[in-house]
Structures are given as structure tokens and as C-alpha cells.
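J.: One structure is given below, represented as C-alpha cells, and several questions about it will come after.
The values are calculated or read from the model by the stated rules, or taken from the named source; none is laboratory data. Bear in mind that the values here come from a model prediction, so they are computed numbers and not experimental data. All Cβ positions, even for glycine, are placed from backbone atoms using ideal geometry, and neighbour counts span all protein chains on display. SASA here: full protein model, heavy atoms, side chains in, ligands and nucleic acids out. Shrake-Rupley method; radii C 1.70, N 1.55, O 1.52, S 1.80 Å.
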Amino acid sequence: MSELSSKYNPHEVEGKWYQHWMDNGYFGSKPDPDKEPLTIVIPPPNVTGVLHMGHMLNNTIQDILIRKARLEGKNACWVPGMDHASIATEAKVVKRLREKGIKKSDLSRDEFLAHAWDWKEEYGGVILEQLKKLGASCDWDRTRFTMDEKYYESVLDTFIHLYEKGLIYRGYRMVNWDPEALTAVSDEEVIYTEERSKLYHVRYQVEGTDEYVTIATTRPETILGDTAICIHPEDERYTHLHGKRAIVPLVNRSIPIIQDEYVDREFGTGCLKVTPAHDVNDYDLGQKHNLETIDILNANGTLSEAAQILVGEDRFTARKKIAPMLEEAGSLIKTEEYDNKVGRSERTNSIIEPRLSLQWFVKMQPLAEPALKAVEEGEVKFHPAKFNNTYRHWMTNIKDWCISRQLWWGHRIPAWYYGEGEEEFVVAKTADEALEKARAIKADIQPADLKQDEDVMDTWFSSWLWPISVFDGFYDREELDYYYPTNDLVTGPDIIFFWVARMIMAGYEFENKRPFENVYFTGIIRDKLGRKMSKSLGNSPDPIDLINKYSADGVRLGLLMTAPAGNDIPFDDAICEQGRNFANKIWNALRLIKGWKVEDKAQSEDNAKAVQWMRQRLASELTSINENFSKYRLNDAAMSIYKLVWDEFCSWYLEAIKPAYGEGIDAETYESTLDLFADLMAILHPIMPFITEEVWQSLRDRNEGECLIVGAWPKAEAFDADQLQAFETTKQIISEIRAVRAQKNLSPKDSLKLHQKGEAGGYTQFAGILSKLANVEVAINETASGPGASFIVGTLEFAIPLEGLIDASEEIEKLEEELKYQEGFLNAVMKKLSNERFVNNAPEQVVAAEQKKRADAESRIASIKQQLATLNG
RNA sequence: GAGGGAUUAGCUCAGUUGGUUUAGAGCGCUACCUUGACAGGGUAGAGGCCACUGGUUCGAAUCCAGUAUUCCUCACCA
């Protein structure tokens, strides 16, 4: 025993077993028609990413599901990989080049991409290495990247497929423009936050009069692009302006005053300025009323020539400068503080400008229909189910998806222009194919006449194929037919629209099958104060530090215990401490058992009982653990296992069979104990893979290649509920006796006599264990002599004679308190029973139960009264 | 503005078609314990008018309505 330290040292153990598992190829999976697959595809982290707490949680959960399936004998396949993260990665590469003095604009597309790939090779994929520290049992040979050759091809093919089906189109639309990244982004990539800004009230002269109309705006620089003033047709204040024109301040342009019911008469002055180039609603108005569109902004957010003044100034500088100019011109009436929602780019955090541009879109409605149905009908199940509502709402209000990005890093749009017009293009996978297609339209096209679209696609246009393309599913049916549909997806609710919904759409569109059966939504990890973890707040612990401090097992258990599906987790290091402590507890149980001297002697009746009980206890708990797993209630499963090991196995079972000092244990009990311990380690293995493997290996001499990771999940045997209940009673009796000792200050070493009134209860089968753990001699149906302490467990009454140790007044006080409680209880029961309507209407067994409560309470009260009478002499 | 959750012990949460001896767990807290696996431990405790107000019912933490607080999603008016 001396070779095992009293503290568990996880560092060596974790590294050792991970390597061992890798060396033996236990994480790998190959299609095997004789085995049922259980497949999970990882939510691919950004190639630029580093591990954060969200990854820890969500990969722990995936690993648990995979390891459990592996133990159950399934063909467990967890596919890892990375996302090229178009906009995020391009931003990083651009920044790095800038640090080296290279401007993106000085590079050709190919030169830039070469730099980007260099960057990817050098820095990408750190996160996957970090996942190994966590114990993630991914099939690393399957690691995929969304820009791998085959994957890239599949993205182009699906684009072409959708285009040919009429679901992808190109058009001028108002899109969300990121002036920093210089690209369009989708609606989902815009984050709106409430921000304090200024509302400017500006007056416009009505042409040919001395009259003015006043409008309010938060973006005064857009005045330069105004092409109309709009009023409500029925607004009586402005009837006289119908058909008139107004003069735009500073630039003195004459614009029409139009009427439209869109205007809210109640808001502001009831007068609206219309800037079709820079606002979605204004754009619609412009279309409707056939207004001129003046785009006053350049792509980078500076004012263009069309603005006439402040040309070249940044939009925010212009905003600051234009206010005094308006004031000087006598046009600024007032400014006031104003809270409004401002949209910012998810990636660059710069303020989004609505911008009119030519982009590619996916028609979503036809794709959404089967995907919505799948969730509504339970073909795809969300855990927790509350996300069904969110999903339904989004799917039924879905808008077309802008998929083109003005970037270079990503999948280039396979459209080829052969003429000058915007409509003169063909969609094809390669230049050769494009040429062929173009020639079918215009016979004399030359290769040099073809120009490929400069844009790439939205990252999510490749991610939505993930469950198919990681198996090269568009080109190789063998793998796909075996692994697809996958089983579980584990992800955060923040990407339900970005990714989950779109994968479901892609699954039905391209495979006509769901991509996965279950979606487990994790919560968002917050700090102790409930704030989101963020780099700028510095409140996000480094997961690797945590693992170093508490062990991977400890962090896994800690995260899991406080993380029911879909609930946010206020993270505190202390929850990992609990995991670390648990590992130590297990370690010490191992030390205890391995330290026993095994003797060739017969198994005692009490040990046989203890073993029998523990087996059944394990079986009953395993039944509920299996159920919790199947319902994805992983935190409940974790808690069950925790208590099963700590309380039942360590505190009760091991204490019950523990040999007296200096003595050994019989071989039969010892062997049974090793088996029980091994089963417990198997059940815990998915959650704490490392220590369970270590303990399992140490319990017996294992053969070469024998490993818990590929061991067996225990069977949930039948159990006898009565016997389990009898042991629960035994525990309570022991607790009561210990409480008496604590109150009377009696040493556990002093043996006591325990009297039980009346007939023996079922607990007496454990009387030997009771004697041992409470250090008492049990006497049934034998009147206690003299004063003593007493207590009731269920309907059983017990007394411990304590001649000379008893303080009568103290005891009387205690009994009176108990009497008061029992009488109160009886009172409540009587109230029910004396209610005729209750007796007449309630089901028979409910009434019978109340009557039993009454009888029990009455007998207890009688007994207490009797004791009080004795004490009072 | 619309929709959807949530509200139970100091904290995080269970509580499964309304009835399991007047509500459970883990952590934290208090007292005692250098016992021979473990102080990263043991034993025993304290702690709740189940957000509020009504209603349905013989019976409500559980069902219904309203109020308050809070979170999420979507949509936004200058």
C-alpha cells in the first residue's frame, strides 16, 4: 500500500492513458455492418480558435456520449475537424500581413491565399491539440477541414445544384455591409444592441415658400443622400404640402414631398426623410415611389463624391462635422439624447451600413418547409424541447440568405461571366465546364473571355454540409450509408439558426434524410456574476490552466454537474474542485481495498448481506442512470454516479465490509468487491475516463490490450425493492444512534444497547452490519431498563438506555418538541379525514394512506406520551 | 412591439399525468472529530409561506388567469 500515495496524482495518469488509447487505435471507427454505429460530428471550431469554456463543456458532453456508446458495444465514431471561418480568418491574415508591412490590396488573390494557407498550417488547429488534453476520444484520422479538396468540391456542387434548381439567384438588394471587412454579411451576423446616440431635428425649406418641415434623424450625414420627404397622406397638419417639394440643406437639392401610409404620425414630427441608398425601409419607399437613389458612401464607410460635401471623410467624422454645419445654415432645430438599437458586425464589431449591392442569395422557403416539419414531428429532437419554439418562429419567418462575401478566403463562387452584362454568366464547377456552357450560348467565347466571380461564399454555406461532407458523402456512398444520419449533435443555442437549422435543411435537400436525430443544446458558460465570458472582461479562465490545476476528470465532472441542458452555467473554479476531490476519494477507496490482506476463510453472513445489498443498489441506480442518459439528463446521471460511488459504495458498503484492525478479508467478499468497483468504474468512465481506467487497470492483473475504454457497460440486473428499503431503514437507525452519541458526547468506542419495541422489522437482516457501524447490541422486543434516549424510524420505536448519562429535563424538552410535531402532523391528517368530501371523492388508496398516517401518528404520540410520563416520574 | 421560457434553501438545480408521513439533492454554512483509505476526509446539524394575487379541486410547488421580476428569440420609427 505504501506504493500508492494518499493523494491522487492525475497528471501522469492522464497523459499515460491518452497515449495508450491512441496507440491502440481505440478511437478509430470503420464501417462495420455487424455493429450499430453511433456517430457524432463535432461542431467544427474556427481554424483560428483557441479552446474556451464553451468548447470544454460541449466537447465533454460529446465525449461522454461517445464513450458510453463505445462501452455499450456500438461502433462509436466521433468526427473532428475545423471550419475555415472565412471572415474571421481573413481578418487575422490581413492583420498579420499588415504587421509585416504588406497590404492586402498589393497582393494578387493567389498570393494572398498562399499567405492564408501558410497561416493555417502554422497556427491553425491548436484547439484540436487542446481537446486531447480534455480526453476527447475523437477519431483523429478522420479530421476534416471545410476547405479540404473533396469538401471544397462538395460546396461547389451544392451551389450548382441549388442554382440549377432555381434556389440560388443573384440580385441587387439592400444588404448588411461591414465597412471594415468590406463585405456583405447575413442577417444572422448582425448583432443589435441598445446604444445611446443623438437624435437630430433638422428643418427643410419647402420650395418656393418661407415654410419649413422638420424631420428627425440619428444619421444626419445621410441627409446628403435624401431624395424625398415623406408624410402620411391623411396627416392633416401637412395637407397643404401635398405636391410640393423641399430643399435638402447644405446641398440645396430639390426633392419631392411624397405621401405614404408607412409613416407613423405619432412618431417625432410625423415627417420622414427618405434615403433609399442607406436604409431598408427607405429603399422600399424609393422603389414604390420611383425615387432617385443617391449612394453617398464608399465601401469603406467614407463619403463618396455623390455626397458633394465632406467627401472622403469617414461616416462618423462626417456625422460630427455636419451638425455644426447644419447649425450654421440655420437648419438644426435641436439635438437630443436618444436610445436606439445599433447593428454591429458579429466579426469585426463595426457598425453595419445597409448597402445596396449585387449579391448571391439562397431562396430559403422551399428548404425550410421539410426542415420545420422534421422538428415539429419529432424526426429531429431538441433537448431541451423549449428550443422548438425558437426554431419554429425563425423557420416560419425565414428570409432569403445572402451567401456572397467580398473576401478571398473561402469557397469561390462558381459563376463565370462571359460578357459585359450582369446577366451574362454560367454556373459551372470548372473553367472548362464553364467554357462549354458559355459556348452553348455564344459559340465564339474564348477561354480568356471568361471571368470567375470574385466573391466567396458565406462560411455557413460550407458548414451546413458538415454531417454529409465529413464522410465525403457526395462522392463515396459506403461511409455515408453507414454513418448517416448521425445520432447526436451537441452545440450552443447561439448557433441554432446559423448552423443547426441550415444543417437540417441541407440534410433533407441533399440526402432526403435528417442529418442527426438528437440535438443537445448546452447552456452558455457565464462567470460567477452571470456575465458572459469575454476576452475584454478577462473573466474567462484558460481551460488548460484549469485542467492542470484540477485534472481533466475533475473539470469534466465539475462542468457537468451544474449543467443541465440549455441552462446557463455560472462558472466558478470551485465546481472543478468538487471533481478533483471526487477523483481523490475514488483513489483512496482503491488504496483501502488494495491494502487488505486476503485470507482463506469463510465469508461471514454480514459480508454476504453487504455484497448482496451493494449489487442490488448498483442495479437499481444503474436503471435510473440509463434512463437519465437516454433522456440526455447528463447532470442527473452524473449526480447519481457520484452519490453511488461516494455514499453507497465508500461510506456504506466499504465501511460495512471493512475488516477489523489487524484482520484480513475473506476471499469471496474481496473478489466481489473488486467486481463491484470495476462496474462502478465502467459506469463512471464516460464522465471521468482517466481515473476510471487507472483504477480499473489496478484492480486486477489485466491482459495486454485489455482496457476499460473498450470494456462493457454493466447490465442493469433485477433488484429487490424491499431489501433496498430495509437497508435504507438500517442507515436511518445508524444515523439516529450516531446523533444520540453526538448529543450525549459518547465516544463511538463505547458500545451501547439498542432496544426495539414490538415486532422485528425487515432491517434485522442487516442487524450485524448495524451493530458494527453503530457499535450497538441489538435487542428486539425487550423493554429497556431505566431512562435513556429514544427515537423513531418509520413506525419502529427504539430506545437506548443511558443510565446516569441522561439529563431528564433535556430529554423532556426534546420529546415535547417531537410531540408537538407529531400532533401537528396528526392534526393535518385529521382535517383531511374529517372532510366528508375528501373521504367520498378521493381514490380509495389515497384515503387508506391517510388512515395509515393517522394510525402511525397516533401510535407515535402514545409512545412519546408514555416516555414523558416515565421521565416525569 | 411580438412570441417563448423561467421564478422552489445562501448558490446551482430536481420535483416525472395534482395525493409517497406538513418539499429533495449537490455545493456552501455551523458544531464536533489529528479513528488505522481519504482533512481534497468523517459524523451530526441549521436552513424554504415553493415570487405575489385570485381561481379550479375533496386536495395545488404541480392545473388556469392576472401581476411583478428576469432571461432568450424575432422584428423595429426616422
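J.: Hey, what angle do you get for helix A:574-594 against the long axis of chain A, alpha-carbon based, 0 to 90 degrees rounded to 10?
T.: 40 degrees
J.: Could you pull out the pairs from A:K68/A:K585; A:K16/A:K631; A:K288/A:K399; A:K165/A:K373; A:K731/A:K753 whose alpha carbons sit more than 25 Å apart here?
T.: A:K16/A:K631
J.: Something else now. Helix A:634-643 against the longest principal axis of chain A: what's the angle in degrees, Cα atoms only, rounded to the nearest 10?
T.: 20 degrees
J.: Here's another thing I want to ask about it. Simple spin-label model, 7 Å along Cα-to-Cβ: A:E129 to A:A299 in nm?
T.: Computed distance between label sites A:E129 and A:A299 equals 3.6 nm.
J.: Under the 0.36 nm per residue contour assumption, what length would be gained going from the current alpha-carbon distance of A:R700 and A:Y262 to full extension?
T.: Using 0.36 nm per residue and subtracting the Cα-Cα distance, I get 149.8 nm.
J.: Please give the Cα centre distance for the range A:295-337 versus the range A:765-829, rounded to the nearest Å.
T.: The range A:295-337 and the range A:765-829 have Cα centres spaced 87 Å from each other.
J.: Take each of the peptides A:467-473, A:37-43, A:620-626, A:260-266, average the number of other beta-carbon atoms within 10 Å over its residues, and list them starting from the highest.
T.: With the highest mean Cβ count within 10 Å placed first, the list reads A:467-473, A:37-43, A:620-626, A:260-266.
J.: Angle between the Cα long axis of helix A:844-871 and the longest principal axis of chain A, 0 to 90 degrees, nearest 10?
T.: Once rounded, the angle reads 50 degrees.
J.: What full-extension length gain, to one decimal in nm, is calculated for A:A448 and A:I333 as 0.36 nm per residue of separation minus the Cα-Cα distance?
T.: Gain on stretching A:A448 to A:I333: 35.5 nm.
J.: What is the calculated FRET efficiency for A:R109 to A:E292, with r their C-beta to C-beta distance and R₀ = 41 Å, to the nearest 0.05?
T.: Between A:R109 and A:E292 the formula returns 0.70.
J.: Calculate the length of the line joining the C-alpha centroid of the range A:405-437 to that of the range A:855-873, in whole Å.
T.: 94 Å
J.: Follow-up. What trypsin sites (Lys or Arg not before Pro) in the range A:627-727 are in a loop by DSSP, with at most 13 other Cβ atoms within 10 Å of the Cβ?
T.: A:K631, A:R700, A:R702, A:K715
J.: Sort A:436-447, A:669-680 by the packing proxy (mean of other Cβ within 10 Å over each peptide's residues), most packed first.
T.: Ranking, from highest mean packing down: A:669-680, A:436-447.
J.: Expressed as a fraction of 2.2 N^0.38 Å, the rule-of-thumb size for a compact globular protein of N residues, what is the C-alpha radius of gyration of chain A?
T.: Taking N as the residue count of chain A, the ratio is 1.29.
J.: Counting Lys +1, Arg +1, Asp -1, Glu -1, what net charge surrounds A:E478 among other residues with beta carbon under 13 Å of its beta carbon?
T.: Computed value for this residue: -3.
J.: Can I ask one more? Leaving out same-chain residues fewer than 8 places away, which aspartates and glutamates sit with a Cα under 14 Å from that of A:K643?
T.: Here the aspartates and glutamates satisfying the reach criterion relative to A:K643 are A:E621.
J.: Oh, and also: What is the gain in length, in nm to one decimal, between A:K549 and A:Q308 on full extension, counting 0.36 nm per residue of separation less the C-alpha to C-alpha distance?
T.: Gain in length upon complete extension: 80.5 nm.
J.: Loop only by DSSP, 10 or fewer other Cβ within 10 Å of the Cβ. Give me the GluC sites (Glu not before Pro) in the range A:109-204 that pass, ordered by residue number.
T.: Within the range A:109-204, no GluC sites (Glu not before Pro) qualify (loop, at most 10 other Cβ atoms within 10 Å).
J.: So which lysines pass the test for A:K832, namely a Cα distance under 27 Å, with those fewer than 8 places away in the same chain ruled out?
T.: Partners within reach: A:K820, A:K852, A:K853, A:K865.
J.: Would you work out what percent of the accessible area of chain A, with all protein chains in place, is carbon or sulfur (probe 1.4 Å)?
T.: Exposed carbon and sulfur together represent 47 percent of the surface.
J.: Apply the Karplus parameterisation 6.51 cos²θ - 1.76 cosθ + 1.60, with θ equal to phi minus 60°, to every residue of the range A:414-420 and state each ³J(HN,Hα) to the nearest whole Hz, in sequence, with x for glycine and proline.
T.: My calculation for the range A:414-420 gives x, 10, 10, 9, 10, x, 8 Hz in order.
J.: What number comes out for accessible area per residue over chain A if the probe is 1.4 Å? Units Å², please.
T.: On a per-residue basis, chain A sits at 46 Å².
J.: Here is a follow-up. Between the alpha-carbon centers of the range A:697-725 and the range A:626-677, tell me the distance in whole angstrom.
T.: Going from one Cα centre to the other spans 11 Å.
J.: Would you grab the residues whose amide H sits under 5 Å from the one on A:A246? Only those 5+ places off in sequence or on another chain, please, with H modelled 1.01 Å from N.
T.: A:E207, A:I255, A:I257
J.: What is the list of residues in the range A:187-209 whose amide nitrogen lies under 19 Å from a point 7 angstrom out from the Cα of A:H240, following Cα to Cβ?
T.: A:203-209
J.: Given R₀ = 35 Å, what would the calculated FRET efficiency be for A:E12 paired with A:E72, taking r from the Cβ atoms and rounding to 0.05?
T.: 0.75
J.: Rounded, prolate or oblate, given the Cα gyration tensor of the range A:694-761, with a/c below 1.5 counting as rounded?
T.: Because a/c hits 1.5 or more and a/b fails to exceed b/c, the range A:694-761 counts as oblate.
J.: Could you check the spin-label model distance between A:A855 and A:Y192? Points 7 Å from the Cα along Cα→Cβ, value in nm.
T.: 6.7 nm
J.: Would you list, by chain and number, the lysines whose Cα falls below 16 Å from the Cα of A:K437, excluding same-chain residues fewer than 8 positions away?
T.: A:K437 reaches A:K429, A:K451.
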